[in-house]
Structure formats: C-alpha cells, structure tokens
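These notes concern the structure reproduced below.
The values are calculated or read from the model by the stated rules, or taken from the named source; none is laboratory data. As the structure is a prediction and not an experimental result, all values here were calculated from the model. In this analysis, Cβ positions are derived from the backbone assuming ideal geometry, glycine residues included, and neighbour counts consider all displayed protein chains. Please note that ligands, DNA and RNA were not included when accessible areas were found on the heavy atoms of the full protein model with its side chains. Shrake-Rupley method; radii C 1.70, N 1.55, O 1.52, S 1.80 Å.
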Amino acid sequence: MNLITRQRLVEGLRLVRDYQHAVARVVRELQAYHGVEDLLSARESGAIPSAGEAPFSFTFHGIGCRAHVDGSDVDFDFGPDRRIDGFDAWRLSIFVNGYASSELDDERIRGLLLDLARAGLVEHPRAAPGPHLWYLTDVGRAWIRELPDA
C-alpha cells in the first residue's frame, strides 16, 4: 500500500472515528438526561420528547436523531439491534460541515468511503432498519484502535 493510499485511509478512518465518538456522546448524554437505555423505544412510546434543548438541542426523526453539539450537527440512524455505529457520506458531511477548518466536501467523503470499502475496512450490509448505513469491519476497528489522536 503506498503512502498516499494509506494517508487517505487514515483520513477516512479518523473521520469515521470522530463521528462515531460524537454519536456515542449524544446517545450517552440523552440516555442519562432522560433516564432511559433504549432511546428509540422511549421516543416511539412517547416516554421522551421528539425534540428538546437539554442537554443540547436534539430532534428525533424516523429511525434516528439529530443533535447540535459543540458547534456541529450530529445526525445518526439506529441500525440493526439499535446499533449506533453506522454512518454514510451524507451524515459524515453534516458532521464535518460544522468545522470551518475542514477541507472535506461531499465528493471527497464519498471517495474516502469507497477507498475504505475497497481496503476492507468498512462494509455496507444494507440491513434494516438502516440499509443505507456503512459499518467498520473487524479490520477497520483494529485500524481505528491504532490511530493517533491527531
């Protein structure tokens, strides 16, 4: 694997990692604030509101949620078995859009996802309820564990 390809893979994996960390934070904080474990079931039953301002601005939609945290929007859908680690180019674009320093546009993000797929680091299982979502493979998760923070 040449250096440029490795750099692109690392760039894509950092984006996925940062997005997944942001989603996990949103879920943890909403669970704690509302005192529920299963946010989607709680939303569907009316136990929690569809939108609110605490602990940050959030709106549930369909099978997911959008929150505004630290100047960036984090939009995610729940995947099979209520997974929260799925992503797609559109959600990654929304996420990076909040960062003025980001040089990642929609086309570059789509290209990074395809490179990650070609390298076997992500997969697109097309599983309900979020057939549009991609997920890290075991190899992709191993790469992410090895990534430096910056």
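Computed quantities for the displayed model
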{"quantity": "Gaussian network model of the chain, springs between alpha carbon atoms under 10 Å - residue of Val26, Val139, Val74 with greatest fluctuation", "calculated": "Val139"}
{"quantity": "Kirkwood Rh (inverse of mean 1/r, distinct Cα pairs), the stretch 32-78, angstrom", "calculated": "10.9 Å"}
{"quantity": "Å² per residue, accessible surface of the stretch 66-111 at 1.4 Å", "calculated": "53 Å²"}
{"quantity": "Long-range HN-HN contacts of Val69 with modeled amide H, under 5 Å", "calculated": "Val74"}
{"quantity": "The stretch 52-117, relative contact order [Cα under 8 Å, separation at least 6], %", "calculated": "21 percent"}
{"quantity": "Amide H partners (placed H, <5 Å) of Gly64, local residues excluded", "calculated": "Phe78"}
{"quantity": "Residue-by-residue Karplus 3J(HN,Hα) for the stretch 30-39, coefficients 6.51, -1.76, 1.60, Hz, glycine and proline x", "calculated": "5, 4, 5, 4, 8, x, 10, 8, 9, 4"}
{"quantity": "The chain, accessible surface, carbon-and-sulfur percent (1.4 angstrom probe)", "calculated": "50 percent"}
{"quantity": "Among Asp105, Asp73, Asp81: highest mean-square fluctuation, GNM of the chain, C-alpha pairs under 10 Å", "calculated": "Asp81"}
{"quantity": "Relative contact order (%) - the chain, alpha-carbon pairs under 8 angstrom, separation at least six", "calculated": "21 percent"}
{"quantity": "Cα-projected label distance for His68 with Arg6, points at 7 Å along beta-carbon direction, nm", "calculated": "4.2 nm"}
{"quantity": "In Hz, Karplus ³J(HN,Hα) per residue of the stretch 62-78 (6.51, -1.76, 1.60; θ = phi - 60°; x = Gly, Pro)", "calculated": "x, 9, x, 8, 10, 10, 10, 10, 6, x, 10, 8, 10, 10, 9, 10, 6"}
{"quantity": "Given the chain, longest segment not containing exposed loop GluC sites (Glu not before Pro) (DSSP; at most 11 other Cβ within 10 Å)", "calculated": "54-102"}
{"quantity": "Note, ³J(HN,Hα) from phi for the stretch 7-21, Karplus 6.51, -1.76, 1.60, rounded to Hz, x at Gly and Pro", "calculated": "4, 5, 5, 5, 4, x, 5, 4, 4, 4, 4, 5, 5, 4, 5"}
{"quantity": "Mean-position separation - Cα centroids, the stretch 67-84 and the stretch 102-150, in angstrom", "calculated": "16 Å"}
